[in-house]
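Below is one structure, written out as structure tokens; comments come after it.
Taken together, the values in this text are just the output of simple stated rules run on the coordinates, not laboratory data. The structure presented is a predicted model; accordingly, all values stated were derived computationally and were not measured. Note that we place each Cβ from the backbone using ideal geometry, even for glycine, and neighbour counts take in every protein chain shown.
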Amino acid sequence: MESTSIAELVAARWGDHRPGLWCEGRVLTQHEVAAGAAVRAALLGELLPPGAEPHVGVLLDNTLEFPLWLAGAALAGAAVAGINPTRRGAELARDILHTECRVLVTEPVHLPLLRGLALPGVRVLVTGTPEYDALLAPYAGARPDASRATARDRLLLYFTSGSTGAPKAAICTQGRLAAAGRSLAEQFRVRPDDVHYICMPMFHGNAVIADWAPALVAGAGVALRRRFSASGFLDDVRAYGATYFTYVGRAIQYVLATESRPDDRDNPLRLGFGTEAGAADAAAFERRFGVRLVEGYGSSEGGAAVQWSPGTPAGAVGRATPGLVVLDPETGRERPVARFDAGGRLLNGDEAIGELVNRGPNPFEGYWRNPGAEAERRRDGAYWTGDLFCKDAEGYLYFAGRADDRLRVDGENLAAAMIENILARYEGARAVAVYAVPDPVTGDQVMAALSGAFDPDTFSAFLRAQPDLGTKMAPRFVRVVPRMPVTATNKIHRALLRREGVHCPDPVWWRPPDEPTYRPFTTRDAEGPLAPTRGPSSVRRQGLEPRTR
């Protein structure tokens with residue numbers, strides 16, 4: 001772990017009068033960012049009760065205040081809990097109280113979320129109000145002092161969603177965040193004159209760890225988008241002179257779905273870094289915008305990471321580093337190597353796919369007040385990611401989905417992510433999600449949600465033409481959605497899709513056994529013997545699925 005603290009990096013920007021932070025028409029210099037952080041650190045020192053955990057909740061969109069409070073908390077030796085504004089009611093209150101926030105920073109647009117909530121002992125600060133400005137005013141002369149913080153101090157408590165139970169608050173210290181920022185800054189050769197565009201929500205680890213931290217390390221500028229906008233992406237990039245951005249989930253698909261322009265390649269971007277774009281979308285993005293996307297894998301908690309390198313085969317994430325293995329989650333034995341045919345079809349997915357486990361050193365720092373979840377991650381002296389992979393004979397790793405994305409069809413284990421990569425080639429698809437619905441007898445049936453243009457005959461012909469589509473991979477059911485349901489971090493809302501199954505408000509098409517093409521799934525079909533049963537997948541009922549996040 002690096003000994004540098006985030007506080008030291010913030011203080012180092014004092015006296016640097018280059019532009020450093022852009023948002024909604026305002027520009028702050030690097031010096032002004034450091035000064036603003038010092039003001040908030042001084043205020044926090046006065047507001048936090050003696051003996052209380054030094055935690056401040058931040059319920060904000062991507063505004064200037066978010067990075068100022070991150071930097072201010074670092075100077076104060078405090079931690080920021082990023083509060084998800086899509087949470088509601090008791091669940092929202094639970095997140096704030098679970099992380100023991102004694103101060104909550106929010107903005108007027110989010111005040112309705114707090115009405116009626118019981119938040120005992122929590123001081124609420126509302127940015128952009130006269131009362132807020134009056135609180136900051138006495139500390140206007142504060143200077144950043146990094147001596148109050150160390151690399152071992154907690155800085156982030158960021159929630160990671162799970163398939164079951166309440167979100168867990170992963171811990172990230174100043175030293176780990178600084179080390180992650182330094183690693184990415186070196187990997188991508190981040191320069192002081194770069195501008196990092198943050199369009200992913202800052203309450204999520206991706207935006208802070210992979211975008212804000214490397215910019216801070218290198219002294220680069222940061223441009224914020226309040227909320228992700230596919231239609232505003234290119235205009236923002238040009239307006240801010242952005243050279244780097246991060247993404248998660250389906251953000252790339254949404255950008256690609258916007259109307260193309262003759263001058264799309266006229267932009268300052270050098271690189272995009274993220275996960276879950278898919279090989280087809282990454283290639284399409286580079287063709288259209290002239291910008292390479294680097295797909296990586298990293299567990300939100302920091303327990304395992306895989307980096308792409310030149311020579312990585314198509315479809316692979318990268319080569320396994322020492323300690324990274326693919327294990328059977330029930331027996332703990334290493335899975336056999338993955339074998340592919342000439343068309344790229346995985347021949348032995350049933351035996352090759354398992355959970356990615358890191359047996360080597362890792363920087364996972366635990367969850368806040370959640371020993372049960374920590375024990376699930378740390379087992380037998382190793383870190384279990386909860387994610388499915390397979391590994392070929394050369395040591396390259398292929399992402400196969402989250403642990404609850406596994407399907408068991410006719411006794412064969414399939415990975416949703418691999419089927420999605422094939423279906424994404426369908427010309428009419430803007431976004432695709434694959435998930436299990438319960439088979440009426442045993443196991444699962446494959447269902448796909450597709451956003452875009454769907455023609456049953458064309459789609460059937462497309463499936464027959466795919467050389468790497470296994471005999472059990474073709475979707476039995478296709479749900480055609482106007483827009484893919486997503487979470488606040490632009491990841492597909494798979495739990496909702498699985499829960500609704502074929503009993504959903506959108507048109508559903510299906511291909512019964514031995515029929516050549518798809519036809520509408522009707523109320524009569526839903527009552528027939530081949531319709532999926534309601535309730536959880538039989539894979540989960542039989543206990544055949546790996547442990548989930």
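Neighbour counts of other C-beta atoms within 10 Å: give me I198, I6, I492 arranged from fewest to most.
So the residues, fewest neighbours to most, are I492, I198, I6.
In the chain, what percentage of the DSSP-assigned beta bridges are antiparallel, given to the nearest 5?
Around 60 percent antiparallel, to the nearest 5.
Between helix 65-76 and the chain, what is the angle of the helix's C-alpha long axis to the longest principal axis, kept within 0 to 90° and rounded to the nearest 10?
60
So, counting K/R as plus one and D/E as minus one, what does the shell of residues with Cβ under 14 Å around R94 add up to?
Net charge in that neighbourhood comes out at +1.
Under 13 Å between alpha carbons, and skipping anything fewer than 8 positions from K491 in its own chain: which aspartates and glutamates qualify?
E276
Which of the peptides 279-286, 77-84 is most tightly packed, and how do the rest follow, going by the mean number of other Cβ atoms within 10 Å of each residue?
The densest-packed peptide leads the list: 77-84, 279-286.
If you rank V39, V222 by fewest surrounding Cβ atoms within 10 Å, what's the result?
V39, V222
Note the angle between two axes, namely the Cα long axis of helix 456-465 and the longest principal axis of the Cα atoms of the chain, as a number of degrees from 0 to 90, rounded to the nearest 10.
Its long axis makes an angle of about 90 degrees.
Calculate the length of the line joining the C-alpha centroid of segment 367-397 to that of segment 47-99, in whole Å.
First find each Cα centre; the distance between them is then 28 Å.
Could you work out how far the C-alpha centroid of segment 159-225 sits from that of segment 258-335, in angstrom?
Each part reduced to its Cα centre gives a spacing of 17 Å.
Please give the peptides 320-328, 88-96 ranked by average Cβ packing (other Cβ atoms within 10 Å per residue), highest first, as a rough proxy for protection. Let's see the in-between values first.
Numbers: 320-328: 17.4, 88-96: 15.4.
Averaged packing, sorted descending, gives the order 320-328, 88-96.
Which peptide among 19-27, 289-297 comes first, and what is the full order, when sorted by highest mean count of other Cβ atoms within 10 Å?
Result, highest mean first: 289-297, 19-27.
Given only helices, namely DSSP H runs of n ≥ 4 each adding -39500 (n - 2.57), what is the per-residue ellipticity at 222 nm of the chain, to the nearest 500 deg cm²/dmol?
-7000 deg cm²/dmol, from helical runs alone.
Could you tell me how many degrees, from 0 to 90 and to the nearest 10, lie between the Cα long axis of helix 279-289 and the main elongation axis, the longest principal axis, of the Cα atoms of the chain?
60
Evaluate the distance, in nm, between pseudo-label points positioned 7 Å from the Cα of D263 and of V126 along their respective Cα→Cβ axes.
So the two model labels end up 4.3 nm from each other.
What is the fewest-to-most order of E527, E355, E376 by other Cβ atoms lying within 10 Å of their Cβ?
Lowest count first: E527, E376, E355.
If we count every other residue with Cβ under 12 angstrom of A11's Cβ, Lys/Arg +1 and Asp/Glu -1, where does the sum land?
In short, 0.
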